[in-house]
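A.B. asks: Starting off with a structure, shown below.
The values are calculated or read from the model by the stated rules, or taken from the named source; none is laboratory data. Computed from a predicted model, the values in this text were never measured in an experiment. We place every Cβ from the backbone using ideal geometry, glycine too, and count neighbours over all the protein chains shown.
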Amino acid sequence: MTNTIKTFPLTGVAIGPGDPELISLKALKHLQQADVVYFVTSKIEDNLIQSFSKQIIDAYNLKVLCKPLLFPMLGKNRDQFYQNAYQTLKADVKIGLRVCMVSEGDLGFYSTFGYILKLAKADSLPVICIPGIPAFIAGAAQATTPIVDGNYSFINLALPESFNEIETELATNKAVVVMKMKVLSGWFNFLKNIKREFVYIEKTGTTDEFTTSNYMDLENRKIPYFALILFPKTESLTAS
Ligand code: SAH
């Protein structure tokens with residue numbers, strides 16, 4: 001006898017970087033029609049779930065079961081956590097549930113869902129991706145700053161190893177975005193000395209958002225994980 005259960009593709013749904021309104025209509029529709037929505041958490045303590053994504057989807061008042069997938073940010077067993085999460089998602093897909101996994105920002109851009117996608121493809125599990133707005137795009141818009149134009153190039157650095165690495169890219173006349181900037185300390189001195197226009201963007205789209213282009217504001221600021229910095233590169237307008 002053949003298996004007659006109708007199954008639906010595993011659906012990655014990008015939910016934008018913080019402001020619940022920065023989601024596509026298509027993404028919201030998938031969430032509303034899901035049977036179960038999984039979100040990433042790095043910690044579950046005393047039944048308290050810490051999740052940036054969960055805070056965003058709470059705003060949609062979904063009448064859908066929302067469940068955490070645990071991914072500690074650090075540690076040696078990362079691959080095992082990806083495998084475990086993938087098996088959890090697959091098990092629900094196989095029993096005919098409409099399964100969504102949400103992803104903060106965009107889902108193919110430094111995202112946990114990217115790893116799930118690789119596992120699903122290797123396993124020939126049907127999967128679809130609904131794209132979203134990455135944090136640096138939302139942050140630049142919030143700061144009303146064009147990122148790059150003309151024939152300038154753009155580079156994104158994540159987890160930079162040193163300020164030298166950033167300086168080298170800036171010297172080649174590119175627009176530069178640095179994500180996961182928290183790994184370096186000494187931003188105040190770096191920004192004070194390089195004399196290049198920048199926008200620092202923290203927790204964009206949330207009630208705690210903070211943006212500045214003045215290095216003095218960073219003198220005593222503790223840089224959190226959800227922070228990035230943008231060095232725009234744009235053409236000057238010639239006066240007519
Ligand atoms: N998928 C996300 C990126 C996740 S990697 C996206 O598309 O934007 C996590 C890094 O993204 C953080 O270290 C930070 O540099 C940046 N980031 C994510 N959300 C942010 C937010 N709301 N405000 C500022 N930076 C954010």
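A.B. asks: Determine, yes or no, whether L119 is of a type outside the set (V, I, T) and not in a helix (DSSP H, G or I). Before the answer, list the steps.
C.D. replies: Values: of a type outside the set (V, I, T): yes; not in a helix (DSSP H, G or I): no.
When the stated conditions are applied, L119 does not pass them.
A.B. asks: Given the criteria modelled with pLDDT of 95 or more, more than 21 Å from P134 (Cα to Cα) and crowded, with 20+ Cβ neighbours inside 10 Å, does L62 qualify?
C.D. replies: Numbers: modelled with pLDDT of 95 or more: yes; more than 21 Å from P134 (Cα to Cα): yes; crowded, with 20+ Cβ neighbours inside 10 Å: no.
The answer is no for L62.
A.B. asks: Same structure, new question: When the residues of the stretch 139-152 are narrowed to those that are farther than 21 Å from W187 by Cβ and touching a residue at least 60 places away in the same chain (Cβ under 8 Å), which ends up farthest from the chain's Cα centre (by Cα)? Quick ask: steps written out before the conclusion?
C.D. replies: Step one: filter the stretch 139-152 for residues farther than 21 Å from W187 by Cβ, giving 141, 144, 146, 148-152.
This time we only want the ones that are touching a residue at least 60 places away in the same chain (Cβ under 8 Å), so: 146, 148-150, 152.
Values: P146: 20, V148: 20, D149: 23, G150: 27, Y152: 25 Å.
Filtering first and then ranking leaves G150.
A.B. asks: Pairs only if they're at least six apart or on different chains, beta carbon under 6 angstrom, first in the stretch 35-62 and closer than 22 Å to D92 by Cα, second at pLDDT 90 or above and part of a loop (DSSP other than H, G, I, E, B); list them, first residue then second.
C.D. replies: Pairs that qualify, where the first residue is closer than 22 Å to D92 by Cα and the partner is at pLDDT 90 or above and part of a loop (DSSP other than H, G, I, E, B), are D35/L97; D35/R98; V36/L97; V37/V64; S53/E104.
A.B. asks: Still on this structure, I have one more. For the structure I just gave you, tell me whether Y82 is more than 10 Å from the ligand (Cβ to nearest atom), over 29 Å from V199 (Cβ atoms) and either part of a strand (DSSP E or B) or touching a Leu at 6+ places or on another chain (Cβ under 7 Å) (or both). Show your work before the answer.
C.D. replies: On the way: more than 10 Å from the ligand (Cβ to nearest atom): yes; over 29 Å from V199 (Cβ atoms): yes; either part of a strand (DSSP E or B) or touching a Leu at 6+ places or on another chain (Cβ under 7 Å) (or both): yes.
So Y82 passes the test.
A.B. asks: If you take the residues of the stretch 89-123 that are of a type in the set (D, E, K, R) and closer than 14 Å to P9 by Cα, which of them is farthest from the ligand (Cβ to nearest atom)? Quick ask: steps written out before the conclusion?
C.D. replies: Step one: of the stretch 89-123, the residues of a type in the set (D, E, K, R) are 90, 92, 94, 98, 104, 106, 118, 121, 123.
Right, trim to closer than 14 Å to P9 by Cα and you get 90, 92, 94, 98, 121, 123.
Numbers: K90: 22, D92: 23, K94: 27, R98: 23, K121: 19, D123: 23 Å.
The selected residue is K94.
A.B. asks: Ok, one more. Could you pull out the residue among F109, F136 that is part of a helix (DSSP H, G or I) and in contact (Cβ under 8 Å) with a residue 24 or more places away in the chain? Give the steps one after another, and end with the answer.
C.D. replies: Values: F109 fails: part of a helix (DSSP H, G or I).
Selected residue: F136, the only one of F109, F136 that is part of a helix (DSSP H, G or I) and in contact (Cβ under 8 Å) with a residue 24 or more places away in the chain.
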